[in-house]
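Only one structure is covered here, and it is reproduced in the block below.
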Amino acid sequence: MSLTLKPRTTARAKISAVGTYVPPRLLTNADLEKLVATNDEWITERTGIRERHIVDKGVATSDLAVEAARICLANAGVDAKDVEAIILATVTPDMLFPATACIVQDKLGATGAWGFDLSAACSGFPYALQVGAKFIESGAHKKVLVIGSDVMSSIIDYTDRTTCILFGDGAGAVLLEPCEEGEIGLIDYLHEIDGSGAAALNMPAGGSRLPASHATVDARQHFVHQDGGAVYKTAVRKMAELAEIVLQRNDVKGEELGCFIPHQANKRIIMSTAERLGMAEDRVIINIDRYGNTTAGTIPLAMNTAMQENRIKKGDLVLLASFGGGYTVASTLLRWEI
Ligand code: UT7
């Protein structure tokens with residue numbers, strides 16, 4: 001037997017294009033006032049959210065993901081057939097299996113791609129970004145589509161005022177490609193999971209622990225359950241802690257960042273993290289007012305906001321940060337190359 005080993009290459013990975021999609025229908029704070037005992041002032045002051053986009057009945061996570069991916073590929077000038085892998089972060093897959101990545105691959109006509117779903121709640125996008133980057137860095141692939149897509153409205157209890165005001169539906173996709181000469185792309189990351197936080201934020205039923213039954217439906221266990229205060233306190237501490245480590249070990253100061261693109265769960269969490277990092281408010285990308293918390297969609301949606309508002313440019317150092325169910329925490333340092 002003669003074994004032919006492929007030559008090993010190493011490359012740096014960069015984000016070469018972004019595409020996002022939110023469904024057209026709006027759910028405003030005024031709409032929520034008609035559903036639960038809440039008011040615009042409370043929601044705006046405590047969270048920063050004014051409105052979110054919600055799908056029409058029958059629209060699924062793959063539908064949003066495909067729209068975002070098509071825009072991303074068009075922006076990159078890349079044919080879907082040339083995509084080699086699709087990594088889709090979500091907690092609201094179209095169904096438990098097959099993976100939503102498979103459904104997206106088929107709808108996109110990405111006939112040369114393999115892929116899979118990744119479950120890390122609000123840190124899903126940065127986790128998928130690092131997994132995708134490893135395929136580029138190892139030389140295994142040259143075009144990896146990373147998508148964060150969630151239809152949170154499918155798992156939200158619109159009789160629970162503590163959660164229904166927070167979430168929206170949306171998707172974002174980025175293309176990862178090897179850096180060109182002179183580019184740097186993704187620089188460093190730090191991730192942490194802490195399963196002791198599982199009880200504070202979860203959807204109890206529908207998995208192997210509590211399969212769907214009349215009893216689980218009656219007990220409203222197919223919805224998001226959250227101990228908001230516990231999650232808030234840990235989010236404020238952990239997002240800043242991991243971000244500080246990543247900045248320090250790369251010798252980057254908060255004020256040297258072109259922009260800070262955080263997960264959008266609560267404007268107060270974002271601002272307290274930014275303050276600890278010494279970031280001026282005008283460098284912090286916030287669009288939670290328009291979209292709410294779209295879980296895996298927030299960071300690419302915020303990247304798009306930064307681009308639309310001309311608040312990010314090629315060569316900028318950018319910090320991503322997230323905290324979410326799991327608990328999952330992520331901090332990513334990169335140089336923007338678009
Ligand atoms: O992305 C995934 C990770 N998730 C997060 O990062 C979310 C983290 N948590 C939060 O963002 C905040 O904890 C919430 C926005 C969920 C809640 O804000 P809070 O300032 O922690 O409020 P609270 O839960 O301490 O509630 C304060 C009061 C309570 O009333 P009492 O007990 O003081 O009389 C609540 O019942 O506000 C009441 N309340 C509301 N009032 C009007 C709770 N929800 C509402 C509401 N409208 N929607």
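The values are calculated or read from the model by the stated rules, or taken from the named source; none is laboratory data. Nothing here was measured: the structure is a model prediction, and the numbers come from that model. Here the Cβ is made from the backbone with ideal geometry for all residues, glycine too, and neighbour counts use every protein chain on show. For the accessible areas, the whole protein counts, side chains as well, though only heavy atoms, and no ligand, DNA or RNA atoms are used. Shrake-Rupley method; radii C 1.70, N 1.55, O 1.52, S 1.80 Å.
Couple of notes before you dig in:
- Residue match in region 52-59 (condition: under 23 Å from the mean Cα position of the chain (by Cα), under 28 Å from Q308 (Cβ atoms) and within 16 Å of the ligand (Cβ to nearest atom)): yes
- Residue in region 148-181 that is nearest to the ligand (Cβ to nearest atom), counting only those that are β-branched (V, I, T) and part of a strand (DSSP E or B): V151
- Only one entry of A274, A240 meets the criterion of being in a helix (DSSP H, G or I), in contact with a Lys or Arg (Cβ under 7 Å, 6 or more places away or on another chain) and more than 19 Å from A296 (Cβ to Cβ), and that entry is A240.
- Qualifying residues in region 133-185 (those that are within 22 Å of L118 (Cα to Cα) and acidic (D, E)) - the one surrounded by the fewest Cβ atoms within 10 Å (Cβ to Cβ): E137
- T100 vs. criteria under 25 Å from G292 (Cα atoms) and within 16 Å of the ligand (Cβ to nearest atom): no
- Restricted to region 111-132, and to residues there that are more than 18 Å from P300 (Cβ to Cβ) and part of a loop (DSSP other than H, G, I, E, B), the residue that is least open to solvent (accessible area, probe 1.4 Å) is A113.
- Taking region 33-48 as the range and being within 9 Å of the ligand (Cβ to nearest atom) and in contact with a strand residue (DSSP E or B) (Cβ under 9 Å, 6 or more places away or on another chain) as the test, only T47 passes.
- Any chance I87 is in a loop (DSSP other than H, G, I, E, B), open to solvent by less than 70 Å² (accessible area, probe 1.4 Å) and either under 27 Å from T328 (Cβ atoms) or in the same structural domain as S322 (by TED's automatic domain parsing) (or both): no
- Members of region 101-110 found to be assigned to a loop (DSSP other than H, G, I, E, B) and either of a type in the set (A, V, I, L, M, F, W, C) or not assigned by TED's automatic domain parsing to the domain that holds A171 (or both), listed by number: A110
- Qualifying residue in region 244-258 (condition: within 14 Å of the ligand (Cβ to nearest atom) and crowded, with 19+ Cβ neighbours inside 10 Å): no
- Reported count of residues in region 203-232, each being within 14 Å of the ligand (Cβ to nearest atom), in a loop (DSSP other than H, G, I, E, B) and of a type outside the set (V, I, T), is 2.
- Criterion applied to I15, I49 was being within 19 Å of Y291 (Cβ to Cβ) and surrounded by 13 or more Cβ atoms within 10 Å (Cβ to Cβ), and the one residue passing it is I49.
- Filter result (at positive phi and of a type outside the set (S, T, N, Q)) within region 298-323: G315
- Exactly one residue out of E309, E281 is more than 29 Å from G182 (Cβ to Cβ) and open to solvent by 40 Å² or more (accessible area, probe 1.4 Å), and it is E281.
- Scan of region 277-295 for residues that are in a helix (DSSP H, G or I) and closer than 22 Å to N29 by Cβ, ordered by number: I288, D289, R290, Y291, T295
- Residue in region 51-69 that is out of contact with any Pro (no Cβ under 9 Å at 6 or more places or on another chain), closer than 18 Å to S16 by Cβ and in the same structural domain as L166 (by TED's automatic domain parsing) present: yes
- Pairs, first outside the structural domain of G292 (by TED's automatic domain parsing) and open to solvent by less than 100 Å² (accessible area, probe 1.4 Å) in region 23-35, second β-branched (V, I, T) and away from the ligand (no atom under 13 Å from the Cβ), C-beta under 7 Å, six or more apart: P23/I54; P23/V55; P23/V59; L27/I54
- From the list A80, A17, A110, A101, the lone residue that is closer than 27 Å to G139 by Cβ and touching a Cys at 6+ places or on another chain (Cβ under 9 Å) is A17.
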